[in-house]
Amino acid sequence: MYGVTLTAILLPVLLALFSCSDRGVDPSDVDWPTTSPQEAGLDAQKLSTLSACIKSGVYGEIQSLLVVRHGQLVMEEYYRGTTRYSRYQVYSVTKSVNAILIGIAVSQGRINDLQSNVFAYFPEYADLATNDPLKQQITVEHLLTMTSGLNWDELTLSYNDVKNPVMQMSQNDDWLRFVLDRPMATTPGSKFRYNTGCSLLLGEILHRALGITVDEYARQVLFGPSGIVDWTWSRGSHDIINTGWGLTLRARDMAKIGQLYLQNGVWQNRQIVPSVWVQASVCRTDMATDINGGRCRWTHQ
């Protein structure tokens with residue numbers, strides 16, 4: 001179990017594989033420094049063979065491939081009609097970006113305590129926890145680590161299956177109530193269970209703590225400072241930002257986020273994400289992370 005669900009984007013070799021849209025405009029972002037595979041210590045022939053396999057469909061419908069090594073762009077290829085300016089629906093990477101924003105908000109003192117009870121942020125839904133002692137124990141950190149204890153299984157069934165909780169939620173007129181109303185399956189903190197609903201709650205907690213929308217906060221503290229200017233973020237019921245799967249990004253900007261974490265939260269000599277949050281995000285934790293105290297405790301297993 002990883003601290004704040006950030007493993008999907010933290011690879012030194014970064015792949016983008018999503019459905020996309022293409023606006024065909026230059027967002028005038030800062031270009032990556034480039035180098036050749038040979039200078040980066042990589043096998044150019046193997047990369048060429050990989051690209052040929054992608055073109056022929058051996059690996060499915062991959063639409064872009066970026067290889068970044070030591071902060072330099074070694075390879076950048078686009079397939080099936082996409083270009084450098086295409087935006088991709090990044091699906092659950094949205095959860096990781098949202099978790100980054102939570103970390104920045106904590107460092108700014110905008111979210112004071114990861115051990116806060118979730119229902120403190122949702123007083124209008126307090127009735128859902130009144131008679132359930134386990135539900136009253138769910139904290140913000142439990143949402144971050146997807147150990148809320150809520151009865152939620154979205155991986156066994158297809159996302160198109162009407163029995164899948166994500167499908168059920170998306171068809172509900174109140175996504176937040178749907179998630180908070182789920183029965184408890186385990187004690188909070190005891191078991192990891194992948195849960196898109198947790199990420200949606202986190203997005204709304206961020207919104208309520210900040211007083212501005214999640215997408216606007218992302219523009220101010222993450223996307224803007226790292227030169228990400230061409231993106232979209234869809235909304236769900238009651239106009240909440242869809243922090244479960246609603247973000248679109250360009251492949252280069254996906255690579256930026258990955259490189260940002262490889263550089264311990266620094267982009268172009270600016271600390272964008274607190275280093276302690278980066279460390280907590282990529283380590284196996286015992287859920288004893290202390291961000292406010294400026295340190296991170298974890299147990300490697």
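Odds and ends about this structure:
- Size of electric dipole in segment 95-210: Cβ of Lys, Arg +1 and of Asp, Glu -1, about Cα centre, debye, nearest 20: 280
- Pairwise centroid distance, computed over Cα atoms, of segment 137-183 with segment 254-285, Å: 28
- Contact order relative to length of segment 95-210, as percent, for alpha carbon pairs under 8 angstrom and 6 or more apart: 33
- Phi to ³J(HN,Hα) by Karplus 6.51 cos²θ - 1.76 cosθ + 1.60 over segment 77-90, Hz, x for Gly, Pro: 10, 10, 9, 6, x, 8, 9, 4, 9, 6, 9, 10, 6, 8
- 28 Å Cα-Cα threshold exceeded, pairs from LYS163/LYS256; LYS135/LYS256; LYS95/LYS135; LYS46/LYS95: LYS163/LYS256; LYS135/LYS256; LYS46/LYS95
- A cut-off of 5 Å between modelled amide H atoms, ignoring neighbours fewer than 5 places along the same chain, links THR34 with LEU73.
- Peptide ranges 213-219, 194-200, 156-162 listed from the most packed, as the mean C-beta count within 10 angstrom indicates: 194-200, 213-219, 156-162
- Peptides 80-86, 60-66 ranked from most to least packed, by the mean per-residue count of other Cβ atoms within 10 Å: 60-66, 80-86.
- If you bin all the Cα-Cα distances of segment 95-210 at 5 Å, starting from zero, the percentages per bin are 2, 12, 22, 25, 21, 12, 5, 1, 0.
- Dipole magnitude (debye, nearest 20) for segment 43-166, charges at Cβ of Lys, Arg, Asp, Glu: 600
- Taking a ≥ b ≥ c as the square roots of the eigenvalues of the alpha carbon gyration tensor, segment 155-197 is oblate, as a/c is not under 1.5 and a/b does not beat b/c.
- FRET E, pair GLN268, GLN108, Förster distance 25 Å, beta-carbon r, rounded to 0.05: 0.80
- In terms of packing, defined here as the mean over residues of other Cβ atoms within 10 angstrom, the peptides 135-147, 225-237, 181-193 line up highest first as 135-147, 225-237, 181-193.
Values quoted throughout were computed directly from the atomic coordinates according to the rules given, and no laboratory measurement underlies them. Model, not experiment: these values are computed from the prediction. Note that each Cβ is placed from the backbone with ideal geometry, even for glycine, and that neighbours are counted across all protein chains shown.
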